[in-house]
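Below is one structure, written out as structure tokens; comments come after it.
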Amino acid sequence: PVIFGSADAVMMQTRKARMYELFIIGVMFIMAIFHLGLFAVRKQDFSLLFFALLLISEIFSMSINGETLLTYYFPNTDWLTLKRIDYISNFARVTFFALFFYHIYKTYIHKYFIYAISGINILLTLFVLLTNLQIFAFTLFIFIAISAVTLIYVLTAQITDRKSVV
């Protein structure tokens with residue numbers, strides 16, 4: 001939203017919003033390090049690794065969107081580079097989300113679904129890296145569709161798991 005007021009009041013509100021976002025990113029970073037540490041101890045539990053990677057990809061996304069902290073701390077960052085990081089972090093988030101739940105609900109989530117989601121997101125990442133913005137901007141529609149399918153599939157697995165417990 002557009003904020004009206006004195007320059008000092010607007011700057012104070014902007015600083016508060018940045019501090020809040022930095023706090024959230026800090027909490028997510030600590031959680032990611034904690035889960036990476038747990039994975040170092042329990043190497044057979046890949047859900048810990050993928051949850052940490054999910055958090056890290058979310059940190060990248062938050063630092064580009066919202067209060068745009070990445071551009072605040074690195075003002076000379078190219079806009080196209082920021083858009084590439086934004087799109088790739090989106091693809092990574094969906095991939096790590098699917099992998100995280102796969103390692104929790106292996107009985108209910110098929111490994112070929114995970115292969116398909118991961119493969120499509122890797123191809124989309126390569127596409128974003130190798131093309132310009134006018135071309136790779138259309139991958140956003142594919143991302144939304146993949147996100148919806150992944151979310152529905154994972155929710156179905158969770159519901160199926162709950163029915164088998166009851």
For S147, the net charge from surrounding residues (Cβ-Cβ under 15 Å; K, R +1; D, E -1) works out to -1
Please get the size of the charge dipole for the chain, origin at its Cα centre, with Cβ charges of +1 on Lys and Arg and -1 on Asp and Glu, quoted in debye to the nearest 20. 440 debye
So, in nm, how far is label L140 from label T14 when the simple model puts each one 7 Å beyond its Cα toward the Cβ? 2.4 nm
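Averaging sequence separations of C-alpha pairs under 8 Å and six or more residues apart, then dividing by the length of segment 31-166, give the relative contact order as a whole percent.
24 percent
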Find the centroid of the Cα atoms in segment 1-20 and in segment 22-66, then give the distance between the two in whole Å. 29 Å
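In deg cm²/dmol, rounded to 500, what helix-only [θ] at 222 nm does the chain give when every DSSP H run of at least 4 residues adds -39500 (n - 2.57) and the total is split over its residues?
Values: 7 runs with 136 residues, N = 166.
So the helix-based figure for the chain works out to -28000 deg cm²/dmol.
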Distance from segment 67-93 to segment 127-152 (C-alpha centre basis), Å: 16 Å
Solvent-accessible area per residue for segment 1-128 at a 1.4 Å probe radius, Å²? 61 Å²
Using a Gaussian network model of the chain with C-alpha springs under 10 Å, which one of N65, N132, N90 is most mobile by mean-square fluctuation? N132
I'd like the FRET efficiency for L126 and T68, computed as 1/(1 + (r/R0)^6) with the beta carbon distance as r and R0 of 22 Å, rounded to 0.05. 0.25
With a cut-off of at most 13 other beta carbons within 10 Å, and DSSP calling the residue loop, which trypsin sites (Lys or Arg not before Pro) in segment 80-166 qualify? Please list them. K106
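Of the listed pairs K16/K83; K83/K106; K43/K83, which have alpha-carbon separations greater than 27 Å here?
In this structure, K83/K106; K43/K83 exceed 27 Å between Cα atoms.
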Once exposed loop chymotrypsin sites (Phe, Trp or Tyr not before Pro) are cut out (DSSP; at most 12 other Cβ, 10 Å), longest piece of the chain: 5-137
Segment 55-104 - percent of accessible surface contributed by carbon and sulfur, probe 1.4 Å: 64 percent
Among 12-18, 120-126, what's the highest-first ranking by average C-beta atoms within 10 angstrom per residue? 120-126, 12-18
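The values are calculated or read from the model by the stated rules, or taken from the named source; none is laboratory data. Everything numeric in this text was worked out from a predicted model, so none of it was measured. Using ideal geometry, Cβ is built from the backbone for each residue, glycine included, and neighbour counts are taken over all protein chains shown. Only protein heavy atoms, including side chains, enter the accessible area calculation; ligands, DNA and RNA are left aside. Shrake-Rupley method; radii C 1.70, N 1.55, O 1.52, S 1.80 Å.
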